[in-house]
Amino acid sequence: MTINDTMLNQVLADHGFDVGTTTFMPMVTASLRLGDEWRIQGHSKGSGPEWDSFDFGLVPVNDARGGKKGTVHRCLSEAALRSHLSGIIDSLRDLTSTPDKLRCPKCGVRWVHMKEPGATGRQWPPFLSCDGMQIVRKSVEGTRIKEPACDGTRRDLPALIKYP
């Protein structure tokens, strides 16, 4: 199952997305503004012009890094993209009405984002992790230690929804 470049661009444009490409890493990108605070950001995975999948997620408008927050929706085929894109947009729009669901339940300050296994061979189910789950180096009584700023996870939202 693949997603053709031409069809992808057309379906995204038909749903109001601004569609572009990146030069440093070949991929199709898409953005749809949802009010003043959020936008839906999407990108292709694989190698074009026949892409393996297309991911959609929420990004705060003022987030320069553009990391997706909360649930990621992954379309694995052209049929999935055509039949589910309207529902994906509605689902993500609904989530923006309760932004506290996108916050870490442990620290209550940072957003949660999906973590999934990479190409390293280690396998585990995707989960929603606090943006603070990054190593912070600090010194305690002369000893340098490393620990995460926050190790919270969110379990009441799905991390990844796949559409075959």
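What follows is calculated from the coordinates using simple rules that are stated; it is not laboratory data. Treat the numbers as computed from the prediction; the structure is a model and nothing was measured. Because the Cβ atoms are built from the backbone with ideal geometry, glycine has one as well, and the counts that use them run over all protein chains shown.
The table below lists the values:
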{"read-out": "Close Lys-Lys pairs in the chain, where close means Cα under 12 Å and separation is 8 or more or interchain", "value": "4"}
{"read-out": "Sequence of MET114, MET27, MET7 once ranked by neighbouring C-beta atoms within 10 Å, starting from the fewest", "value": "MET7, MET27, MET114"}
{"read-out": "Sparse-neighbour loop sites [trypsin sites (Lys or Arg not before Pro); segment 1-67; at most 12 other C-beta within 10 Å; DSSP]", "value": "ARG65"}
{"read-out": "Gyration tensor (alpha-carbon) shape descriptor, the chain, a/c threshold 1.5", "value": "prolate"}
